[in-house]
Amino acid sequence: MLAFPMERSFSVLKRINRTLFAVLSRTGVWIYSRLPIFGALRAAVAIIRKNELVLVIARSDGRGLSFPGGFISPWETPEQAALREVFEETGLQVGKSSLLFEYRSAVDIPCVITVFEAEATGELRDSWEGSPRWLRLSEIRPLLLPNQREIVDRFAETKIP
């Protein structure tokens, strides 16, 4: 009898967390796109593949899909940030990663995005930022955050499946 109220409490907490993330995310993008006081922000993402599938996050803020990743703290390297963000957003532990490329984007907010390819293990889990999903690269681009579409374009240019 206690399991149901406990499950319901977790479900309510999960909805509250996701709503809070949506409000913070959308507010942050709106403000920083108009007033980028720190200049271009630094971000890192990881491309994790399983055969022909790629891991993405269905974002809780309703902005679409993104690759696992996020902003780099001042004391972190891009690789450390990518590994931390993968764990926070998916529950996966990155065992091996390699730098693919870095690019600048002015879409939404000014940022420099460092892209890694990574191998990860563990059980996928949701986070307040969204739900991880395995999708084909061809399915991802139309739903991807606009500032991450260049990643898919570069993969297509190099004929990476």
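Read-outs throughout are calculated quantities, based only on the coordinates presented, and are distinct from any laboratory measurement. Note that the structure is a prediction, hence the values are computed from the model and not measured. No Cβ is skipped: glycine too gets one built from the backbone with ideal geometry, and neighbour counts run over all protein chains shown.
Within the shell of other residues whose beta carbon sits under 13 angstrom from the beta carbon of Ala118, the net charge comes to -1, with Lys and Arg scored +1 and Asp and Glu -1. Annotation: amide H of Ile72 within the under-5 Å range of Arg42, Ala43, Ala44, sequence separation 5 or more or interchain, hydrogens built in the peptide plane.
Please figure out what share of the DSSP beta bridges in the stretch 3-157 is antiparallel and state it in percent, rounded to the nearest 5. Just about 75 percent of them are antiparallel. Rounded to whole Å, the principal axis extents of the Cα atoms in the stretch 3-157 read 49, 41, 33, largest first. In the stretch 78-160, the convex hull through the Cα atoms has an average projected area of 5.8 nm², a quarter of its surface area.
Ranked by the mean number of other Cβ atoms within 10 Å of their residues, highest first, the peptides 95-108, 115-128 come out as 115-128, 95-108. Distant-in-sequence amide contacts of Ile47, defined by a placed amide H-H separation under 5 Å and a gap of 5 or more residues or a different chain, comprise Phe116, Glu117, Ala118. Computed extension length for Leu20-Leu124: 35.3 nm, one decimal, from 0.36 nm per residue of separation with the Cα-Cα distance subtracted.
For the stretch 95-100, the Karplus equation 6.51 cos²θ - 1.76 cosθ + 1.60, evaluated at θ = phi - 60°, returns couplings of x, 9, 9, 9, 5, 9 Hz by residue, with Gly and Pro reported as x.
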